[in-house]
1. Relative contact order of region 6-71: what whole-number percent is it, with Cα pairs under 8 angstrom and at least 6 residues apart?
2. Choose one of Met245, Ile283, Pro152: the residue whose Cα lies farthest towards the positive end of the charge dipole of region 152-298 (beta-carbon charges +1 Lys, Arg; -1 Asp, Glu; about the Cα centre).
3. Among Leu65, Phe48, Ile15, which residue has its Cα positioned farthest towards the positive end of the charge dipole of region 6-71, with +1 placed on the Cβ of Lys and Arg, -1 on the Cβ of Asp and Glu, and the dipole taken about the Cα centre?
4. Expressed as an acute angle from 0 to 90° and rounded to the nearest 10, what is the orientation of the C-alpha long axis of helix 136-150 relative to the principal long axis of the chain?
5. On average, how much accessible surface per residue is there in region 79-411, in Å², for a 1.4 Å probe, leaving out ligands, DNA and RNA?
6. Compute the distance in nm between two label points, each set 7 Å from the Cα along the Cα-to-Cβ direction, one at Asn157 and one at Arg322.
7. Could you rank the peptides 385-397, 311-323 by their average count of other C-beta atoms within 10 Å per residue, with the highest value first?
8. In whole percent, how big is the carbon plus sulfur part of the accessible area of region 79-411, probe 1.4 Å, protein atoms only?
Amino acid sequence: MPHNYYTGEMAEIKIDGKVHELPVIVGTEGEKAIDIRSLRAKSGYIAFDGGYANTGSCISNITYLDGESGILSYRGYDIAELAENCSFVEVAYLLDHGSLPTRTELNAFSQMLNDFAMVHEDMIRFFDSYPAKSPPMAILSSMVNSLCSFYPEMANNPLENIDKMSARLLSKVRTIAAFSYKKSMGHPVVYPRHDLSYCANFLNMMFDSPVRPYEINHKVVEALNKLLILHADHEQNCSTSTVRMVGSARVNLYASVSAGISALWGPLHGGANQAVMDMLASIHENGGDYRKYVERAKDPKDPFRLAGFGHRVYKTYDPRCRIIKQACDEVLADLKYSDPLLDLAKDLEEVALKDDYFIERNLYPNVDFYSGIIYRAMGIPTNMFTVMFALGRLPGWIAHWKEMWDDPAWRISRPRQIYVGPLSRPFVPIDQRG
Ligand code: ACO
(Lines give C-alpha, C1' and ligand atoms only; values in the text may rest on other atoms or scores of the structure.)
Protein backbone atom coordinates (compact mmCIF):
# COMPACT_ATOMS: atom_id res chain seq x y z
CA MET A 1 0.00 0.00 0.00
CA PRO A 2 1.50 3.39 -0.90
CA HIS A 3 2.34 5.45 2.17
CA ASN A 4 1.35 8.84 0.78
CA TYR A 5 -0.40 10.26 3.83
CA TYR A 6 2.52 12.40 4.94
CA THR A 7 1.36 16.02 4.92
CA GLY A 8 4.83 17.56 4.95
CA GLU A 9 4.00 19.03 8.37
CA MET A 10 6.53 18.22 11.12
CA ALA A 11 5.85 17.78 14.85
CA GLU A 12 8.58 18.95 17.22
CA ILE A 13 9.65 17.14 20.33
CA LYS A 14 12.10 18.72 22.77
CA ILE A 15 14.22 16.32 24.82
CA ASP A 16 17.52 16.98 26.64
CA GLY A 17 17.46 20.54 25.33
CA LYS A 18 17.35 19.46 21.67
CA VAL A 19 14.40 19.78 19.28
CA HIS A 20 13.71 16.82 17.00
CA GLU A 21 11.34 16.93 14.06
CA LEU A 22 8.99 14.05 13.35
CA PRO A 23 6.67 13.76 10.31
CA VAL A 24 2.90 14.07 10.66
CA ILE A 25 0.49 11.61 8.98
CA VAL A 26 -3.20 12.31 8.32
CA GLY A 27 -5.61 9.51 7.35
CA THR A 28 -8.49 9.87 4.88
CA GLU A 29 -10.97 10.49 7.72
CA GLY A 30 -8.70 13.11 9.27
CA GLU A 31 -7.10 10.94 11.97
CA LYS A 32 -3.72 12.40 12.87
CA ALA A 33 -0.51 10.69 13.94
CA ILE A 34 3.14 11.46 14.53
CA ASP A 35 5.53 9.03 12.86
CA ILE A 36 7.95 8.31 15.70
CA ARG A 37 9.96 5.65 13.92
CA SER A 38 13.07 7.82 13.80
CA LEU A 39 12.72 9.02 17.42
CA ARG A 40 15.20 6.59 18.96
CA ALA A 41 17.82 7.12 16.28
CA LYS A 42 17.51 10.89 16.66
CA SER A 43 17.16 11.19 20.45
CA GLY A 44 17.94 7.85 22.14
CA TYR A 45 14.35 7.73 23.46
CA ILE A 46 11.63 5.22 22.64
CA ALA A 47 7.86 5.81 22.90
CA PHE A 48 6.23 4.00 25.84
CA ASP A 49 2.61 2.93 25.37
CA GLY A 50 1.66 -0.14 27.46
CA GLY A 51 -1.51 -1.74 26.08
CA TYR A 52 -0.92 0.12 22.77
CA ALA A 53 -3.93 2.39 23.43
CA ASN A 54 -2.16 5.29 21.72
CA THR A 55 -0.18 3.42 19.10
CA GLY A 56 -0.97 3.12 15.41
CA SER A 57 0.63 -0.16 14.37
CA CYS A 58 -0.10 0.11 10.65
CA ILE A 59 -1.66 2.15 7.88
CA SER A 60 -4.79 0.36 6.73
CA ASN A 61 -7.62 0.87 4.24
CA ILE A 62 -9.98 -1.81 5.54
CA THR A 63 -12.08 -0.51 8.45
CA TYR A 64 -12.75 2.92 9.89
CA LEU A 65 -13.77 3.28 13.51
CA ASP A 66 -14.55 6.49 15.35
CA GLY A 67 -15.10 5.52 18.97
CA GLU A 68 -16.12 9.01 20.06
CA SER A 69 -18.92 9.34 17.49
CA GLY A 70 -19.85 5.65 17.29
CA ILE A 71 -19.02 5.24 13.58
CA LEU A 72 -17.93 1.95 12.06
CA SER A 73 -17.48 1.33 8.34
CA TYR A 74 -15.91 -1.41 6.22
CA ARG A 75 -14.11 -0.19 3.08
CA GLY A 76 -16.12 3.07 3.36
CA TYR A 77 -19.58 1.47 3.75
CA ASP A 78 -21.51 2.14 6.94
CA ILE A 79 -21.95 -0.99 9.02
CA ALA A 80 -25.71 -0.44 9.48
CA GLU A 81 -26.27 -0.33 5.69
CA LEU A 82 -24.22 -3.46 5.16
CA ALA A 83 -26.06 -5.30 7.95
CA GLU A 84 -29.43 -4.27 6.48
CA ASN A 85 -28.73 -5.05 2.82
CA CYS A 86 -25.97 -7.64 2.44
CA SER A 87 -25.28 -11.28 3.10
CA PHE A 88 -22.26 -12.21 5.19
CA VAL A 89 -20.63 -13.70 2.09
CA GLU A 90 -20.92 -10.35 0.27
CA VAL A 91 -19.34 -8.56 3.23
CA ALA A 92 -16.57 -11.15 3.44
CA TYR A 93 -15.86 -10.50 -0.25
CA LEU A 94 -15.90 -6.74 0.36
CA LEU A 95 -13.40 -6.97 3.22
CA ASP A 96 -11.07 -9.35 1.44
CA HIS A 97 -11.25 -7.81 -2.06
CA GLY A 98 -11.85 -4.12 -1.29
CA SER A 99 -15.12 -3.73 -3.23
CA LEU A 100 -18.63 -5.18 -3.11
CA PRO A 101 -18.99 -8.10 -5.54
CA THR A 102 -21.03 -7.98 -8.75
CA ARG A 103 -23.56 -10.80 -9.03
CA THR A 104 -21.10 -12.77 -11.21
CA GLU A 105 -18.28 -12.29 -8.69
CA LEU A 106 -20.56 -13.26 -5.81
CA ASN A 107 -21.69 -16.42 -7.60
CA ALA A 108 -18.08 -17.40 -8.31
CA PHE A 109 -17.10 -16.73 -4.67
CA SER A 110 -20.10 -18.72 -3.35
CA GLN A 111 -19.14 -21.56 -5.70
CA MET A 112 -15.64 -21.60 -4.19
CA LEU A 113 -17.12 -21.69 -0.69
CA ASN A 114 -19.19 -24.68 -1.72
CA ASP A 115 -16.21 -26.41 -3.32
CA PHE A 116 -14.16 -26.05 -0.14
CA ALA A 117 -16.87 -26.87 2.41
CA MET A 118 -15.75 -30.42 3.22
CA VAL A 119 -12.87 -31.07 5.59
CA HIS A 120 -10.41 -33.87 4.95
CA GLU A 121 -11.77 -37.12 6.43
CA ASP A 122 -8.51 -37.59 8.36
CA MET A 123 -9.16 -34.27 10.08
CA ILE A 124 -12.62 -35.40 11.11
CA ARG A 125 -10.97 -38.23 13.02
CA PHE A 126 -9.11 -35.62 15.13
CA PHE A 127 -12.39 -34.77 16.82
CA ASP A 128 -12.53 -38.26 18.35
CA SER A 129 -9.27 -37.65 20.22
CA TYR A 130 -10.36 -34.56 22.14
CA PRO A 131 -11.75 -35.12 25.64
CA ALA A 132 -15.54 -34.70 25.72
CA LYS A 133 -15.43 -31.41 27.62
CA SER A 134 -12.78 -29.73 25.45
CA PRO A 135 -13.42 -26.01 24.99
CA PRO A 136 -14.56 -25.57 21.37
CA MET A 137 -12.13 -22.63 20.97
CA ALA A 138 -9.21 -24.95 21.77
CA ILE A 139 -10.43 -27.39 19.13
CA LEU A 140 -11.01 -24.63 16.58
CA SER A 141 -7.60 -23.06 17.08
CA SER A 142 -5.71 -26.33 16.70
CA MET A 143 -7.83 -27.54 13.76
CA VAL A 144 -7.24 -24.27 11.89
CA ASN A 145 -3.50 -24.55 12.52
CA SER A 146 -3.66 -28.11 11.16
CA LEU A 147 -5.16 -26.89 7.89
CA CYS A 148 -1.70 -25.93 6.64
CA SER A 149 -0.66 -29.61 6.84
CA PHE A 150 -3.60 -30.67 4.70
CA TYR A 151 -3.65 -27.72 2.30
CA PRO A 152 -0.05 -26.55 1.97
CA GLU A 153 -0.49 -23.89 -0.76
CA MET A 154 1.59 -21.54 1.37
CA ALA A 155 4.73 -23.21 0.08
CA ASN A 156 4.22 -21.15 -3.08
CA ASN A 157 3.74 -17.39 -3.25
CA PRO A 158 0.87 -17.01 -0.75
CA LEU A 159 -0.65 -13.96 -2.44
CA GLU A 160 -1.10 -16.00 -5.63
CA ASN A 161 -3.21 -18.43 -3.63
CA ILE A 162 -4.87 -16.01 -1.26
CA ASP A 163 -8.36 -16.27 -2.79
CA LYS A 164 -8.24 -20.02 -2.55
CA MET A 165 -6.91 -19.94 1.02
CA SER A 166 -9.48 -17.35 2.11
CA ALA A 167 -12.38 -19.32 0.66
CA ARG A 168 -10.98 -22.49 2.18
CA LEU A 169 -10.77 -20.91 5.62
CA LEU A 170 -14.19 -19.25 5.47
CA SER A 171 -15.82 -22.44 4.35
CA LYS A 172 -13.95 -24.98 6.45
CA VAL A 173 -14.07 -23.05 9.72
CA ARG A 174 -17.85 -23.11 9.39
CA THR A 175 -17.79 -26.89 8.91
CA ILE A 176 -15.24 -27.42 11.72
CA ALA A 177 -17.33 -25.26 14.09
CA ALA A 178 -20.51 -27.25 13.39
CA PHE A 179 -18.69 -30.60 13.60
CA SER A 180 -17.14 -29.68 16.95
CA TYR A 181 -20.62 -29.04 18.31
CA LYS A 182 -21.95 -32.33 16.95
CA LYS A 183 -18.99 -34.22 18.40
CA SER A 184 -19.47 -32.54 21.79
CA MET A 185 -23.07 -33.79 21.74
CA GLY A 186 -21.99 -37.28 20.70
CA HIS A 187 -24.14 -36.94 17.57
CA PRO A 188 -23.22 -37.85 13.98
CA VAL A 189 -21.79 -34.98 11.95
CA VAL A 190 -23.94 -33.47 9.20
CA TYR A 191 -22.11 -32.73 5.96
CA PRO A 192 -22.39 -29.37 4.17
CA ARG A 193 -24.97 -28.96 1.42
CA HIS A 194 -24.39 -27.13 -1.86
CA ASP A 195 -27.99 -25.96 -2.16
CA LEU A 196 -27.91 -23.87 1.03
CA SER A 197 -26.62 -20.35 1.66
CA TYR A 198 -23.58 -19.87 3.93
CA CYS A 199 -25.58 -19.23 7.11
CA ALA A 200 -28.38 -21.71 6.38
CA ASN A 201 -25.73 -24.34 5.68
CA PHE A 202 -24.09 -23.69 9.04
CA LEU A 203 -27.39 -23.90 10.94
CA ASN A 204 -28.27 -27.11 9.10
CA MET A 205 -24.90 -28.69 9.98
CA MET A 206 -25.47 -27.67 13.61
CA PHE A 207 -29.06 -28.79 14.06
CA ASP A 208 -30.09 -31.32 11.44
CA SER A 209 -30.24 -34.87 12.77
CA PRO A 210 -31.15 -38.32 11.41
CA VAL A 211 -34.17 -38.37 13.73
CA ARG A 212 -35.35 -34.76 13.37
CA PRO A 213 -34.68 -32.87 10.14
CA TYR A 214 -33.85 -29.20 10.69
CA GLU A 215 -36.36 -26.73 9.32
CA ILE A 216 -34.65 -23.60 8.05
CA ASN A 217 -36.20 -20.41 9.45
CA HIS A 218 -35.40 -17.43 7.23
CA LYS A 219 -35.63 -14.95 10.10
CA VAL A 220 -33.00 -16.92 11.97
CA VAL A 221 -30.78 -17.09 8.87
CA GLU A 222 -31.18 -13.31 8.45
CA ALA A 223 -30.26 -12.68 12.09
CA LEU A 224 -27.18 -14.90 11.81
CA ASN A 225 -26.10 -13.02 8.66
CA LYS A 226 -26.43 -9.76 10.58
CA LEU A 227 -24.50 -11.00 13.58
CA LEU A 228 -21.64 -12.30 11.45
CA ILE A 229 -21.50 -9.04 9.44
CA LEU A 230 -21.36 -6.96 12.62
CA HIS A 231 -18.43 -9.04 13.87
CA ALA A 232 -16.59 -9.21 10.56
CA ASP A 233 -13.90 -6.61 11.34
CA HIS A 234 -12.99 -4.07 13.98
CA GLU A 235 -9.60 -2.75 12.88
CA GLN A 236 -6.63 -3.33 15.23
CA ASN A 237 -8.36 -5.19 18.09
CA CYS A 238 -6.45 -7.76 20.15
CA SER A 239 -7.05 -10.79 17.90
CA THR A 240 -6.52 -8.91 14.61
CA SER A 241 -3.32 -7.37 15.93
CA THR A 242 -2.29 -10.89 16.92
CA VAL A 243 -2.94 -12.16 13.39
CA ARG A 244 -0.87 -9.29 11.99
CA MET A 245 1.90 -9.73 14.53
CA VAL A 246 2.22 -13.48 14.00
CA GLY A 247 1.96 -13.02 10.23
CA SER A 248 4.63 -10.31 10.34
CA ALA A 249 7.15 -13.08 11.02
CA ARG A 250 6.04 -14.41 7.61
CA VAL A 251 3.92 -17.16 9.15
CA ASN A 252 1.25 -18.75 6.95
CA LEU A 253 -2.37 -17.57 6.99
CA TYR A 254 -3.74 -20.65 8.77
CA ALA A 255 -1.25 -20.44 11.65
CA SER A 256 -1.73 -16.67 11.94
CA VAL A 257 -5.52 -17.05 12.10
CA SER A 258 -5.14 -19.86 14.62
CA ALA A 259 -3.21 -17.43 16.86
CA GLY A 260 -6.00 -14.86 16.37
CA ILE A 261 -8.56 -17.45 17.50
CA SER A 262 -6.54 -18.00 20.69
CA ALA A 263 -6.47 -14.25 21.38
CA LEU A 264 -10.20 -14.00 20.75
CA TRP A 265 -10.85 -16.71 23.33
CA GLY A 266 -10.08 -14.34 26.24
CA PRO A 267 -13.01 -13.14 28.40
CA LEU A 268 -11.88 -9.53 27.91
CA HIS A 269 -12.21 -9.97 24.15
CA GLY A 270 -14.38 -12.47 22.21
CA GLY A 271 -15.02 -14.56 25.30
CA ALA A 272 -17.12 -11.70 26.67
CA ASN A 273 -20.31 -12.92 24.93
CA GLN A 274 -20.09 -16.15 26.93
CA ALA A 275 -19.23 -14.18 30.08
CA VAL A 276 -22.36 -12.02 29.56
CA MET A 277 -24.64 -15.06 29.44
CA ASP A 278 -22.95 -16.62 32.47
CA MET A 279 -23.36 -13.32 34.33
CA LEU A 280 -27.04 -12.91 33.36
CA ALA A 281 -27.79 -16.55 34.22
CA SER A 282 -26.12 -16.16 37.58
CA ILE A 283 -28.07 -12.96 38.36
CA HIS A 284 -31.28 -14.73 37.34
CA GLU A 285 -30.54 -17.82 39.44
CA ASN A 286 -29.69 -15.67 42.44
CA GLY A 287 -33.04 -13.89 42.55
CA GLY A 288 -32.60 -11.35 39.71
CA ASP A 289 -31.25 -8.47 41.82
CA TYR A 290 -29.27 -6.84 38.98
CA ARG A 291 -28.76 -3.60 40.96
CA LYS A 292 -26.54 -5.52 43.36
CA TYR A 293 -24.31 -6.54 40.44
CA VAL A 294 -24.11 -2.95 39.20
CA GLU A 295 -22.97 -1.94 42.69
CA ARG A 296 -20.38 -4.74 42.73
CA ALA A 297 -19.04 -3.62 39.32
CA LYS A 298 -18.49 -0.13 40.76
CA ASP A 299 -16.64 -1.31 43.85
CA PRO A 300 -12.87 -0.84 43.26
CA LYS A 301 -12.14 -3.60 45.83
CA ASP A 302 -14.26 -6.14 43.93
CA PRO A 303 -12.67 -7.55 40.74
CA PHE A 304 -16.15 -8.12 39.24
CA ARG A 305 -16.93 -6.13 36.07
CA LEU A 306 -20.14 -5.96 34.10
CA ALA A 307 -19.45 -8.32 31.20
CA GLY A 308 -20.43 -6.81 27.84
CA PHE A 309 -19.86 -3.28 29.10
CA GLY A 310 -17.03 -0.94 28.19
CA HIS A 311 -14.71 -0.85 25.24
CA ARG A 312 -11.15 0.30 24.65
CA VAL A 313 -12.17 2.44 21.68
CA TYR A 314 -15.90 3.22 21.98
CA LYS A 315 -16.59 6.07 24.34
CA THR A 316 -20.22 6.15 23.23
CA TYR A 317 -22.86 3.54 22.40
CA ASP A 318 -21.36 0.74 20.29
CA PRO A 319 -23.16 1.05 16.89
CA ARG A 320 -23.15 -2.73 16.54
CA CYS A 321 -24.95 -3.15 19.87
CA ARG A 322 -27.87 -0.97 18.71
CA ILE A 323 -28.40 -3.17 15.61
CA ILE A 324 -28.04 -6.39 17.57
CA LYS A 325 -30.47 -5.23 20.24
CA GLN A 326 -33.11 -4.62 17.55
CA ALA A 327 -32.35 -7.93 15.80
CA CYS A 328 -32.68 -9.64 19.16
CA ASP A 329 -36.21 -8.28 19.66
CA GLU A 330 -37.19 -9.30 16.11
CA VAL A 331 -35.85 -12.87 16.29
CA LEU A 332 -37.31 -13.56 19.69
CA ALA A 333 -40.71 -12.24 18.53
CA ASP A 334 -40.55 -14.36 15.37
CA LEU A 335 -39.63 -17.48 17.28
CA LYS A 336 -42.22 -16.63 19.95
CA TYR A 337 -39.37 -17.15 22.39
CA SER A 338 -39.43 -15.23 25.61
CA ASP A 339 -36.20 -15.07 27.52
CA PRO A 340 -36.04 -13.70 31.08
CA LEU A 341 -32.34 -13.01 30.45
CA LEU A 342 -33.26 -10.49 27.72
CA ASP A 343 -35.49 -8.59 30.15
CA LEU A 344 -32.70 -8.73 32.72
CA ALA A 345 -30.15 -7.44 30.19
CA LYS A 346 -32.41 -4.49 29.30
CA ASP A 347 -33.00 -3.63 32.98
CA LEU A 348 -29.28 -3.86 33.71
CA GLU A 349 -28.44 -1.63 30.76
CA GLU A 350 -31.02 0.96 31.81
CA VAL A 351 -29.70 1.17 35.36
CA ALA A 352 -26.04 1.27 34.31
CA LEU A 353 -26.59 3.96 31.67
CA LYS A 354 -28.11 6.26 34.32
CA ASP A 355 -25.37 5.62 36.86
CA ASP A 356 -22.65 8.25 37.37
CA TYR A 357 -19.89 5.62 37.56
CA PHE A 358 -20.70 4.38 34.04
CA ILE A 359 -21.45 7.86 32.68
CA GLU A 360 -18.15 9.34 33.92
CA ARG A 361 -16.14 6.45 32.44
CA ASN A 362 -18.12 6.35 29.17
CA LEU A 363 -19.07 2.73 29.73
CA TYR A 364 -21.79 1.52 27.34
CA PRO A 365 -22.94 -1.96 26.33
CA ASN A 366 -20.70 -3.42 23.64
CA VAL A 367 -21.34 -5.84 20.74
CA ASP A 368 -21.35 -8.82 23.09
CA PHE A 369 -24.06 -7.62 25.43
CA TYR A 370 -27.04 -8.86 23.37
CA SER A 371 -25.50 -11.26 20.85
CA GLY A 372 -25.58 -14.22 23.25
CA ILE A 373 -29.32 -13.89 23.73
CA ILE A 374 -29.90 -14.29 19.97
CA TYR A 375 -27.53 -17.26 19.82
CA ARG A 376 -29.38 -18.83 22.73
CA ALA A 377 -32.72 -18.37 20.95
CA MET A 378 -31.21 -20.05 17.87
CA GLY A 379 -30.28 -23.05 20.03
CA ILE A 380 -26.53 -22.40 20.02
CA PRO A 381 -25.02 -23.42 23.37
CA THR A 382 -23.08 -20.88 25.42
CA ASN A 383 -19.71 -22.57 24.98
CA MET A 384 -20.05 -22.08 21.21
CA PHE A 385 -20.61 -18.29 21.39
CA THR A 386 -16.96 -17.35 20.98
CA VAL A 387 -16.67 -19.81 18.09
CA MET A 388 -19.51 -17.85 16.46
CA PHE A 389 -17.53 -14.66 16.98
CA ALA A 390 -14.50 -16.30 15.33
CA LEU A 391 -16.63 -17.33 12.35
CA GLY A 392 -17.74 -13.72 11.95
CA ARG A 393 -14.27 -12.20 12.46
CA LEU A 394 -12.56 -14.45 9.87
CA PRO A 395 -12.94 -12.10 6.86
CA GLY A 396 -11.36 -9.29 8.89
CA TRP A 397 -8.40 -11.43 9.96
CA ILE A 398 -7.86 -12.54 6.38
CA ALA A 399 -8.08 -8.98 5.01
CA HIS A 400 -5.56 -7.71 7.59
CA TRP A 401 -3.16 -10.58 7.03
CA LYS A 402 -3.31 -9.99 3.27
CA GLU A 403 -2.82 -6.22 3.66
CA MET A 404 0.13 -6.75 6.00
CA TRP A 405 1.72 -9.34 3.68
CA ASP A 406 1.35 -7.06 0.66
CA ASP A 407 2.66 -3.91 2.39
CA PRO A 408 6.04 -2.81 0.96
CA ALA A 409 6.74 -1.05 4.29
CA TRP A 410 6.18 -4.34 6.20
CA ARG A 411 8.67 -5.17 8.96
CA ILE A 412 8.52 -7.91 11.58
CA SER A 413 6.53 -6.63 14.62
CA ARG A 414 8.98 -6.25 17.43
CA PRO A 415 8.17 -3.73 20.19
CA ARG A 416 10.76 -2.55 22.67
CA GLN A 417 10.51 -2.23 26.46
CA ILE A 418 11.77 -0.27 29.42
CA TYR A 419 13.87 -2.66 31.49
CA VAL A 420 13.52 -2.17 35.28
CA GLY A 421 15.14 -5.42 36.48
CA PRO A 422 18.39 -5.88 38.43
CA LEU A 423 21.58 -4.19 37.27
CA SER A 424 24.46 -6.34 36.09
CA ARG A 425 25.60 -8.68 38.89
CA PRO A 426 28.27 -11.36 39.18
CA PHE A 427 27.27 -14.95 38.44
CA VAL A 428 27.15 -17.18 41.56
CA PRO A 429 27.88 -20.93 41.10
CA ILE A 430 25.00 -23.15 42.33
CA ASP A 431 26.82 -24.48 45.46
CA GLN A 432 27.58 -20.95 46.66
CA ARG A 433 23.97 -19.67 46.44
CA GLY A 434 21.79 -19.54 49.49
N1 ACO B 1 -17.58 -2.85 34.50
C2 ACO B 1 -17.19 -2.00 35.48
N3 ACO B 1 -16.20 -1.12 35.35
C4 ACO B 1 -15.55 -1.09 34.19
C5 ACO B 1 -15.89 -1.94 33.11
C6 ACO B 1 -16.95 -2.85 33.31
N7 ACO B 1 -17.32 -3.70 32.33
N8 ACO B 1 -15.06 -1.71 32.07
C9 ACO B 1 -14.21 -0.74 32.45
N10 ACO B 1 -14.52 -0.35 33.74
C11 ACO B 1 -13.88 0.72 34.50
C12 ACO B 1 -12.47 0.31 34.97
O13 ACO B 1 -12.51 -0.32 36.23
C14 ACO B 1 -11.76 1.63 34.99
O15 ACO B 1 -12.19 2.32 36.15
P16 ACO B 1 -11.15 3.28 36.96
O17 ACO B 1 -10.83 4.39 35.98
O18 ACO B 1 -11.89 3.72 38.16
O19 ACO B 1 -9.95 2.43 37.27
C20 ACO B 1 -12.35 2.38 33.79
O21 ACO B 1 -13.68 1.81 33.61
C22 ACO B 1 -11.55 2.21 32.51
O23 ACO B 1 -11.40 0.81 32.24
P24 ACO B 1 -10.11 0.14 31.62
O25 ACO B 1 -9.98 -1.26 32.12
O26 ACO B 1 -8.94 1.04 31.78
O27 ACO B 1 -10.49 0.11 30.10
P28 ACO B 1 -9.76 -0.74 28.97
O29 ACO B 1 -9.91 0.04 27.73
O30 ACO B 1 -8.38 -1.14 29.37
O31 ACO B 1 -10.62 -2.10 28.89
C32 ACO B 1 -12.36 -3.59 28.37
C33 ACO B 1 -11.64 -2.29 27.99
C34 ACO B 1 -11.36 -4.73 28.50
C35 ACO B 1 -13.34 -3.96 27.24
C36 ACO B 1 -13.14 -3.38 29.69
O37 ACO B 1 -14.12 -2.36 29.53
C38 ACO B 1 -13.78 -4.65 30.20
O39 ACO B 1 -13.13 -5.45 30.90
N40 ACO B 1 -15.10 -4.92 29.87
C41 ACO B 1 -15.75 -6.13 30.24
C42 ACO B 1 -15.34 -7.25 29.26
C43 ACO B 1 -15.94 -7.07 27.88
O44 ACO B 1 -17.14 -6.81 27.72
N45 ACO B 1 -15.10 -7.25 26.84
C46 ACO B 1 -15.55 -7.20 25.43
C47 ACO B 1 -15.00 -6.00 24.74
S48 ACO B 1 -15.63 -5.89 23.10
C49 ACO B 1 -14.81 -7.07 22.26
O50 ACO B 1 -13.70 -7.40 22.50
C51 ACO B 1 -15.51 -7.71 21.23
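The values are calculated or read from the model by the stated rules, or taken from the named source; none is laboratory data. The model shown is predicted, which means the values in this text are computed figures rather than measured ones. Cβ placement follows ideal geometry from the backbone for every residue including glycine, while neighbour counts extend to all protein chains displayed. Accessible surface areas use protein heavy atoms only, side chains included; no ligands, DNA or RNA. Shrake-Rupley method; radii C 1.70, N 1.55, O 1.52, S 1.80 Å.
1. Relative contact order, region 6-71: 19 percent.
2. Of the listed residues, the answer is Ile283.
3. Most positive-ward Cα: Ile15.
4. Approximately 80 degrees, to the nearest 10.
5. Spelled out: the 1.4 Å probe surface of region 79-411, per residue, equals 42 Å².
6. Between Asn157 and Arg322, the simple spin-label model gives 4.5 nm.
7. The densest-packed peptide leads the list: 385-397, 311-323.
8. 51
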